[in-house]
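Accompanying notes for the structure given below.
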């Protein structure tokens, strides 16, 4: 006889991939040994359904290693992020992939507004320091970029403009391509990692939210570095952004500091409809072994949360920065197009993440144009680009 707990876990996996008509124990056999391995925190090798629960419920993260920011990395994972097991199981069971936005696959576009304004006093000092480092360190191209950027500061000061404040243009370019995105706005700063100029962010937050809403974008909360560990701080930040934007249903943790066993339940309790943090910072792919939205498993209650998790498939920083993959623009584009080729053949609904500095002409180095080419490539492959909120709303109705 199948234990009730195993039955609930298996049923959650099958319902998540759209296999509601398939019976556990009948159509899919119960392997007692495999589910006992899951209980011991071991990934089963010979039972796809038990292994799918292991990946989707993030069992390996219960006691898994974390980096200095408290993040679980792809380098620590047993799964193949670009060959998600649950999608293989879906195909094996003959279940068609869900359609999102009426298309064969959907990409939820998102911008994390870590820093809306470059040329603060600290920003100028930081740029000058990088210029000096580039000159002394023998990096003429980097030094030239900083020099050109600094040369434009007086004109920005005269106009009252800033290279990071390009939100109207970003939204207009997306709209021209039939796309819509979500901007995750910070509600507080309590740690140096939250950004160099918290006072300027506080001054601009109201104008930022107003601008985004007037342009037709969705506003979500970008929970700060310490809010990932402090529910009271997260609640305060949620209240602050909701006070400006009204209903805020979406969330993403700064630095991707999500622990699916610790802080997703807090988001659920705070009334968020969805989160889109669950991705690897160090490489592209699907951290929960699935390429479509799902309701995360809560081990405390032995049932899924109401919260919808939108898998984060790729972040610009993961591709571009030397601390991660450090790819050239051409290499990054190949990675992104490879992801879309996979989605064209397999379906899915997932998010991608860019930052405002990638749209600064002085330092973008083509990453802004790559973002727009990516949007066009989605459409060319039969997909659709939408906001995280739109994707989450469809997922909520599908998942029940």
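The values are calculated or read from the model by the stated rules, or taken from the named source; none is laboratory data. All values reported here derive from a predicted model rather than from experimental measurement. Because the Cβ atoms are built from the backbone with ideal geometry, glycine has one as well, and the counts that use them run over all protein chains shown.
What number of residues within the range 268-281 are part of a loop (DSSP other than H, G, I, E, B) and either free of Cβ contacts under 8 Å to residues at least 24 places away in the same chain or surrounded by fewer than 23 Cβ atoms within 10 Å (Cβ to Cβ) (or both)?
Quick first cut of the range 268-281, residues part of a loop (DSSP other than H, G, I, E, B) only: 270-273, 276-281.
Next, only the ones that are either free of Cβ contacts under 8 Å to residues at least 24 places away in the same chain or surrounded by fewer than 23 Cβ atoms within 10 Å (Cβ to Cβ) (or both) stay: 270-271, 273, 281.
Within the range 268-281, residues that are part of a loop (DSSP other than H, G, I, E, B) and either free of Cβ contacts under 8 Å to residues at least 24 places away in the same chain or surrounded by fewer than 23 Cβ atoms within 10 Å (Cβ to Cβ) (or both) number 4.
Whether any residue in the range 43-51 is surrounded by 20 or more Cβ atoms within 10 Å (Cβ to Cβ), modelled with pLDDT of 95 or more, under 20 Å from residue 286 (Cα atoms) and in contact with a strand residue (DSSP E or B) (Cβ under 8 Å, 6 or more places away or on another chain) is what I want to check. Checked against the condition, which is being surrounded by 20 or more Cβ atoms within 10 Å (Cβ to Cβ), modelled with pLDDT of 95 or more, under 20 Å from residue 286 (Cα atoms) and in contact with a strand residue (DSSP E or B) (Cβ under 8 Å, 6 or more places away or on another chain), the range 43-51 yields at least one hit. Given 289, 285, which one is within 20 Å of residue 43 (Cβ to Cβ), more than 14 Å from the chain's Cα centre (by Cα), in the same structural domain as residue 388 (by TED's automatic domain parsing) and in a loop (DSSP other than H, G, I, E, B)? From the options 289, 285, the qualifying one is 289.
The lone criterion from (1) at pLDDT 95 or above; (2) within 18 Å of residue 113 (Cα to Cα); (3) surrounded by 19 or more Cβ atoms within 10 Å (Cβ to Cβ); (4) touching a helix residue (DSSP H, G or I) at 6+ places or on another chain (Cβ under 7 Å) left unmet by residue 215 is number (3).
Can you confirm whether the range 251-264 contains a residue that is assigned to a loop (DSSP other than H, G, I, E, B), in contact with a strand residue (DSSP E or B) (Cβ under 6 Å, 6 or more places away or on another chain) and within 13 Å of residue 392 (Cβ to Cβ)? Spell out how you get there, then give the answer.
Initially, the range 251-264 is screened for residues assigned to a loop (DSSP other than H, G, I, E, B), giving 257-263.
From what's left, in contact with a strand residue (DSSP E or B) (Cβ under 6 Å, 6 or more places away or on another chain): none.
There is no residue in the range 251-264 that is assigned to a loop (DSSP other than H, G, I, E, B), in contact with a strand residue (DSSP E or B) (Cβ under 6 Å, 6 or more places away or on another chain) and within 13 Å of residue 392 (Cβ to Cβ).
Selection over the range 343-358 of residues that are in contact with a helix residue (DSSP H, G or I) (Cβ under 9 Å, 6 or more places away or on another chain) and more than 26 Å from residue 171 (Cα to Cα) gives a count of 1. The conditions of being in contact with a strand residue (DSSP E or B) (Cβ under 9 Å, 6 or more places away or on another chain) and touching a residue at least 12 places away in the same chain (Cβ under 8 Å) are not met by residue 365.
In contact (Cβ under 8 Å) with a residue 12 or more places away in the chain, surrounded by fewer than 14 Cβ atoms within 10 Å (Cβ to Cβ) and touching a helix residue (DSSP H, G or I) at 6+ places or on another chain (Cβ under 8 Å): is that true of residue 168 in this structure? Spell out the reasoning first.
Details: in contact (Cβ under 8 Å) with a residue 12 or more places away in the chain: yes; surrounded by fewer than 14 Cβ atoms within 10 Å (Cβ to Cβ): yes; touching a helix residue (DSSP H, G or I) at 6+ places or on another chain (Cβ under 8 Å): yes.
Criteria met by residue 168.
Tallying residues that are over 22 Å from residue 83 (Cα atoms) and without any contact (Cβ under 8 Å) to a residue 24 or more places away in the chain within the range 327-342 yields 2.
For every residue, the table says whether it meets (1) crowded, with 23+ Cβ neighbours inside 10 Å; (2) in contact with a helix residue (DSSP H, G or I) (Cβ under 6 Å, 6 or more places away or on another chain).
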residue	(1), (2)
246	no, no
252	yes, no
266	no, yes
288	yes, yes
293	yes, yes
299	no, no
311	yes, no
322	no, no
340	no, yes
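Consider the range 343-354 and keep the residues that are surrounded by fewer than 19 Cβ atoms within 10 Å (Cβ to Cβ) and in contact (Cβ under 8 Å) with a residue 12 or more places away in the chain. The one that is farthest from residue 97 (Cα to Cα) is 344. Among the residues of the range 111-148, the ones that are surrounded by 13 or more Cβ atoms within 10 Å (Cβ to Cβ) and either within 22 Å of residue 198 (Cα to Cα) or in the same structural domain as residue 205 (by TED's automatic domain parsing) (or both) come to 17 in all.
Listed by position, the helices (runs of 4 or more DSSP H) enclosed by the range 1-96 that each have at least 1 residues that are out of contact with any helix residue (DSSP H, G or I) (no Cβ under 7 Å at 6 or more places or on another chain) are 4-16, 32-39, 85-92.
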